[in-house]
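Written out below as structure tokens is the structure these notes cover.
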Amino acid sequence: MKNEKMFEPGLSRLKKPVLPLVNMVQFLYLTGPFATIAEVLSRLTKAVELEGVLYENPQQLLKGYEGFLVEFEVIKGKKKLSVGLPFIIDEKDEPVAKRQALELWIKQQIVSQELETVNSLLCGPCGCVLCCTGPNSEFDEASGFKGRMKQEFFEIPLAESEIVLFDLKRIDTADSRTMTAHSDPPLHLDQAPFYKHETALYHWENGWSLILPEGSACSRLAADTKRCLIYAKRPEVCRKPQIFAYVLEKTPDTATRSDGVLISVYMARNKVLAVWDCPYVRRFQDEIGTYAQLGGMEPIFKKSKT
């Protein structure tokens, strides 16, 4: 792990989560004489201490989330949702009340946005390339993972528009399009499992993915500098954080709205999920746990590679 001073911007954001402020704004809006969220925000001109955390400039911190906060105005009948609210169930498969569903949906959006910022600030100084390499890769030693990976391959899901970023062999067959990377038995090519072949792009039943076999690395990872050659236009999945908002989990089910429209079904989890493989997740696990608890969520640590 590099000099900890490099992590201070990310840790500073992690230690001052926005959710306690969001909860305060919601409470003030619902119980006070405010017609809009903007009116509440206009009053937050002084420092505020919540849950033992001092927010020197709450108005400035909340500014980036105002687009989500205004959705609370639905409760007072001041506006309609900017997008349709999904159907949300609890872990007993029971539908949650509309107001709770709204709060969970807003919470998911806010935590997702905040954690993308936090992760970007922590990931850069870390210098880890774990997400860019296959199991037992030559790059694992620098990241502290050498000899610990037992998987046969690492899958990087891609949108169809993103496969042009990679000058690699493409496997798109009738067989591949009826299977996934985790089908059992696996897709075979020339009498060997697909992951025994060189790095390639595969078109599966559930879409495209880049498969990194054991000991390989992404073709866009520079071998000398260990930096991404297409960082500015890297695939969406490569932009995802290693600390995730897990407030809601999309299920494969759909529900029929009162107007007959099919909508997605989400399960309320109210958790923060952190990928244990990531060096900065392991280093800052206590701070991640506190972040989750301050937002009324449960922290979950889970390995991606085994």
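The values are calculated or read from the model by the stated rules, or taken from the named source; none is laboratory data. None of these values were measured; they are calculated from a predicted model. Cβ atoms come from the backbone with ideal geometry, glycine included; neighbour counts cover every protein chain shown. Protein only, heavy atoms only, side chains kept; ligands, DNA and RNA dropped before computing areas. Shrake-Rupley method; radii C 1.70, N 1.55, O 1.52, S 1.80 Å.
Assorted remarks:
- Each Cα pair under 8 Å and six or more residues apart adds its sequence gap; the mean of these over the residue count of the range 1-91 is a relative contact order of 23 percent.
- Distance (nanometres) between label positions extended 7 Å along Cα→Cβ at GLU298 and ASP253: 1.9 nm
- Taken per residue, the accessible surface of the chain reaches 54 Å², heavy atoms only and a 1.4 Å probe.
- Cα-only Debye scattering, the range 39-123: base-10 log of I(q)/I(0) at q = 0.22, 0.26 Å⁻¹: -1.17, -1.27
- Dimensionless Rg over Rh [the range 194-284; C-alpha; Kirkwood]: 1.07
- Carbon and sulfur %, accessible surface of the chain computed with the full protein complex present, 1.4 Å: 50 percent
- On the beta carbon distance between GLU66 and ASP184, with R0 = 45 Å, the FRET formula returns roughly 0.40.
- Inter-centroid distance (Cα atoms) of the range 172-246 relative to the range 27-44, Å: 48 Å
- Here, the chain yields an orientationally averaged convex hull projection of 18.9 nm² when only Cα atoms define the hull.
- Violating pairs (Cα-Cα greater than 28 angstrom) within the set LYS46/LYS233; LYS169/LYS302; LYS169/LYS271; LYS169/LYS226: LYS46/LYS233; LYS169/LYS302; LYS169/LYS271
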